[in-house]
Amino acid sequence: MKTQNTALESLLKTDRDVIVDEWVAEFKVGGSKGTGSHVVAEARSVLDGLAKGVSAGGDAARFDSEAWAPLRDALESVSGSRAAQGSTSGETSRFVLAAKKPMFDRLQVTFNKDAAALAENLWWLSLLVDRAAQYTVDAYQRSREDIINRQQQELLELSTPVVKLWDGVLAV
């Protein structure tokens, strides 16, 4: 685990902006909604959360650990924002999964002479990104349920008739 954290931590520090640019480009390939500066900001936020988790020594197999709390928070924010904008849960998950290619490419360059280390790092990163994508789907569903519940409450309030009987007296 330490090798994976060290390699990824180094990449996230040195190649952050390139990874973000390539991530957004990879996401755009599918003709996805929201391809402007908002997507770049979301990608940066998720990468920052990822970097904090990696530097805290987070284990990809323990995505629920405290080390990954900043990443989970960033994913919650992305999911909530996308749910409110009408994106699908699949598109939201695909946004997270699009991060794999640029990071895989960087790891391949880093470990080009060491196939075993490359395979180990790719597996670790793949596991981490997959767990993040699944978390994103779950967070998206919770966000959509919250939106639906809020809308139901608002409709109930609107459907309750209020009649003014005289000044200061209303009948419901």
Counting only residues that are open to solvent by 90 Å² or more (accessible area, probe 1.4 Å) and among the charged types (D, E, K, R), which one in segment 140-172 is farthest from the chain's Cα centre (by Cα)? ASP167
Only one of these conditions is not met by SER87: (1) part of a helix (DSSP H, G or I); (2) within 15 Å of the chain's Cα centre (by Cα). Which number is it? (1)
Is there a residue in segment 93-104 that is in contact with a helix residue (DSSP H, G or I) (Cβ under 7 Å, 6 or more places away or on another chain), more than 17 Å from VAL129 (Cβ to Cβ) and open to solvent by 40 Å² or more (accessible area, probe 1.4 Å)? no
Scanning segment 105-117 for residues that are without any contact (Cβ under 8 Å) to a residue 24 or more places away in the chain and assigned to a loop (DSSP other than H, G, I, E, B), the one least open to solvent (accessible area, probe 1.4 Å) turns out to be ASP114
Which residue pairs have Cβ atoms under 6 Å apart, sit 6 or more places apart or on different chains, and have a first residue in segment 18-37 that is open to solvent by 60 Å² or more (accessible area, probe 1.4 Å) and modelled with pLDDT of 90 or more and a second that is outside any helix (DSSP H, G or I) and not basic (Lys, Arg)? GLU26/ALA98
Which numbered condition ALA60 fails, given (1) at pLDDT below 85; (2) farther than 30 Å from ALA115 by Cα: (2)
Of the residues that sit in segment 122-139 and are aliphatic (A, V, I, L, M) and under 12 Å from LEU50 (Cβ atoms), which one is farthest from the chain's Cα centre (by Cα)? LEU125
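The values are calculated or read from the model by the stated rules, or taken from the named source; none is laboratory data. Model, not experiment: these values are computed from the prediction. Heads up, the Cβs are rebuilt from the backbone with ideal geometry, glycines too, and the neighbour counts pull from every protein chain shown. Just so you know, the surface numbers come from the protein's heavy atoms only, side chains and all, with ligands and any DNA or RNA stripped out. Shrake-Rupley method; radii C 1.70, N 1.55, O 1.52, S 1.80 Å.
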